[in-house]
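The values are calculated or read from the model by the stated rules, or taken from the named source; none is laboratory data. Not measured: the values here are computed from a predicted model. Reconstructed Cβ throughout: ideal geometry from the backbone, glycine too, with neighbour counts over all protein chains shown. Calculation scope for accessible area: heavy atoms of the full protein, side chains included, ligands and nucleic acids excluded. Shrake-Rupley method; radii C 1.70, N 1.55, O 1.52, S 1.80 Å.
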Amino acid sequence: MFEYIWILLPLGLIIGWYAAKLDSSRKRKLHQYLNLRYYLDKEKVKTPVSTPDSAIPLNVEDEGIHFTLTLGDAYRRRGEVDKAIEMHEHLLHSLDINDAKRAEVLISLSEDYVHAGIFDRSERTLRELLSTPYHDEAALKLAALYKQQNDWLQAASMYERINDYKTRYTTEVAHLYCEIAEQALTDHDLEQALFWSARALSVDENLARASLINAYIALTHQEFHKVIDALTLLSEQQPSLTPIIVPIMYRAMMNVEPQRFAPWLDEMIEHYPHYFYLKLWKTHLCVLTDSLKTAIDYLTEQLTHTKNLQGITLLNRLNSLQDGEHQATFTLYHETFHHVIDYYAQFRCEKCGFISKTLQWHCPSCQSWNTAAPVSDIIALQK
């Protein structure tokens with residue numbers, strides 16, 4: 001019988017080792033759970049922290065570092081930023097952590113500072129990582145921080161530090177240059193505005209926003225040929241914006257080549273028949289160049305194929321001019337229709353459907369660029 005003891009002894013040792021390891025794992029998980037309950041319970045007494053070396057009752061061995069990071073991030077999402085900063089600073093100053101974990105802690109700490117409104121500390125924290133292998137993530141965080149403060153040039157410079165920014169962030173950088181150009185327009189510095197819009201087009205040659213800025217600058221200088229060229233380029237870069245350029249194109253062409261506007265408008269209607277706004281302009285042109293009856297007949301025909309509230313509003317207005325006996329009724333219709341139209345959004349993101357009353361180059365909902373387009377009519381919003 002004793003000869004079997006030598007066979008069973010190693011097996012017993014293995015079973016004992018596994019049981020001890022399992023028990024240690026359970027104890028560690030229980031310790032982390034108790035730590036979590038301790039910190040998330042608002043009724044517990046808060047531990048004051050006077051120095052970075054103050055004791056925090058956390059198990060920070062092995063995966064405890066990751067646990068503490070996650071817990072600090074949870075505090076930030078809850079709005080308890082002071083606790084998040086306390087925990088992340090403790091990790092940063094009290095532990096001998098490797099470079100990868102240190103970078104993770106610095107990034108979390110920078111987000112804590114942003115939520116607390118301490119932007120300068122967040123900036124300094126992230127700049128520590130710009131000379132490390134984690135510079136791309138730090139540059140992205142810094143770019144977001146600078147955009148939050150409307151520091152467009154600094155934000156653009158951060159994107160340009162990223163290794164493959166030309167394949168991932170050219171549109172972002174080009175729009176930041178346009179933000180600088182629009183700020184220059186606000187300050188009536190047309191030379192600087194032109195410089196930055198040209199810089200934007202050099203980064204992204206298909207940026208319609210830069211072409212629109214160039215058209216505005218040329219219009220300010222009454223360089224109407226340049227206005228026409230810029231708007232023509234814009235209609236090729238982003239056809240969905242064609243409706244918003246019609247009034248500017250009309251003014252430019254009327255000053256240099258009045259006979260050119262009607263053929264251009266007909267060409268746009270042929271290429272983009274679903275943009276009813278172009279047909280409204282065609283109706284106005286019929287009133288100016290032909291007769292009221294021709295305009296009414298044209299608009300009535302278009303409305304039989306496409307239901308459009310703006311079209312009905314204009315038709316009601318034209319009929320009121322032709323029939324003076326029911327002027328009060330026509331006026332009532334006109335005011336009612338306009339009230340309804342003004343209530344609804346004028347632009348919609350073609351990617352996610354987000355609607356707004358102003359043109360948003362960067363969709364606040366899906367974060368896409370250049371996806372906003374004029375809404376042809378409030379009826380289209382129901383689709």
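Points to keep in mind about this one:
- Residue 338 open to solvent by 70 Å² or more (accessible area, probe 1.4 Å) and modelled with pLDDT under 90: yes
- Where a residue in the range 311-323 is part of a helix (DSSP H, G or I) and among the basic types (Lys, Arg) and its partner, wherever it lies, is modelled with pLDDT of 80 or more and surrounded by fewer than 17 Cβ atoms within 10 Å (Cβ to Cβ), with Cβ under 6 Å and at least six apart: none
- All conditions in (1) touching a Leu at 6+ places or on another chain (Cβ under 6 Å); (2) closer than 25 Å to residue 357 by Cβ hold for residue 317, with the sole exception of (1).
Yes/no matrix, rows are residues, columns are (1) closer than 16 Å to residue 268 by Cα; (2) at pLDDT below 95:
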| site | (1), (2) |
| --- | --- |
| 177 | no, no |
| 180 | no, no |
| 205 | no, yes |
| 221 | no, yes |
| 228 | yes, no |
| 235 | yes, yes |
| 240 | yes, yes |
| 243 | yes, yes |
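- First in the range 366-383 and within 16 Å of residue 239 (Cβ to Cβ), second anywhere and modelled with pLDDT under 70 and surrounded by fewer than 18 Cβ atoms within 10 Å (Cβ to Cβ), Cβ under 9 Å, 6 or more apart: 375/344; 375/345; 375/381
- Matching entry among 125, 132 (being in contact (Cβ under 8 Å) with a residue 12 or more places away in the chain and touching a Phe, Trp or Tyr at 6+ places or on another chain (Cβ under 9 Å)): 125
- Residue 144 meets the conditions (1) more than 14 Å from the chain's Cα centre (by Cα); (2) part of a helix (DSSP H, G or I); (3) modelled with pLDDT under 95 in every case but one. The failed one is (1).
- Neighbours by Cβ (under 8 Å, 6+ apart or cross-chain): first from the range 283-309, in a helix (DSSP H, G or I); second among the aromatic types (Phe, Trp, Tyr) and open to solvent by less than 30 Å² (accessible area, probe 1.4 Å): 285/261; 302/276
- Filtering the range 91-146 to residues that are touching a Leu at 6+ places or on another chain (Cβ under 9 Å), surrounded by fewer than 21 Cβ atoms within 10 Å (Cβ to Cβ) and small (Gly, Ala, Ser) leaves only 103.
- Candidates are the residues of the range 219-235 that are polar (S, T, N, Q) and touching a helix residue (DSSP H, G or I) at 6+ places or on another chain (Cβ under 7 Å); the one that is most open to solvent (accessible area, probe 1.4 Å) is 220.
- Residues that are in contact (Cβ under 8 Å) with a residue 60 or more places away in the chain number at least 1 in the following helices (runs of 4 or more DSSP H) confined to the range 161-272: 170-186, 208-220, 242-256.
- Residue ID - modelled with the lowest pLDDT, chosen from residues in the range 276-328 that are over 23 Å from residue 260 (Cα atoms) and basic (Lys, Arg): 317
- Picking from residues in the range 191-218 that are more than 24 Å from the chain's Cα centre (by Cα) and open to solvent by less than 40 Å² (accessible area, probe 1.4 Å), the one that is nearest to residue 238 (Cα to Cα) is 215.
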